[in-house]
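What follows is calculated from the coordinates using simple rules that are stated; it is not laboratory data. Note that this is a predicted model, so its numbers are computed, not measured. Virtual Cβ from ideal backbone geometry, glycine too; neighbours counted across all protein chains shown.
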Amino acid sequence: MDLKRTNYSSGAPLEEKVGYSRIVKVGPFVYVGGTTSVQPDGTVYGENNAYEQTKYVLNKLVKLIEEAGAKASEVVRVKVYATDMTKGSEITKAYSEIFHDIKPLCTVVGTPALNRPTQIVEIELDAIIGSYV
């Protein structure tokens with residue numbers, strides 16, 4: 001098995017400053033770090049709206065893994081960090097719209113805060129290219 005490592009950047013300024021990648025691909029394994037609903041212009045999409053933020057982030061993540069050669073159907077794990085666990089039904093509604101039939105592992109964890117007060121969710125995921133039949 002070829003375990004060549006490839007790092008992918010989303011272009012966020014902190015990635016280079018701090019020294020991290022948005023995606024790390026090792027062989028067929030694709031790992032995406034915590035991603036929020038910050039848009040390219042720096043604003044938060046869906047401020048204070050858990051459903052809108054979750055949907056936006058998941059769509060953003062699917063596009064990112066596609067750049068690394070994976071598909072949504074190859075996602076095996078999703079981790080959601082939420083600042084307001086009372087919004088769980090909104091988060092799971094958006095999640096189900098993409099992953100209901102794929103059924104990856106999913107963990108939702110409460111966290112006291114994210115980088116900006118209007119952010120409710122941060123999501124990371126893992127995919128394995130070629131894992132879905």
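Here the condition is being small (Gly, Ala, Ser) and closer than 18 Å to Arg116 by Cβ; of Gly46, Gly27, Gly11, it holds for Gly46 alone. Hey, can you tell me all the residues within segment 75-133 that are aromatic (Phe, Trp, Tyr) and within 25 Å of Lys4 (Cβ to Cβ)? Tyr132 - this is the single residue of segment 75-133 that is aromatic (Phe, Trp, Tyr) and within 25 Å of Lys4 (Cβ to Cβ). Within segment 119-133, being touching a helix residue (DSSP H, G or I) at 6+ places or on another chain (Cβ under 9 Å), β-branched (Val, Ile, Thr) and in a loop (DSSP other than H, G, I, E, B) holds for Ile120, Ile129.
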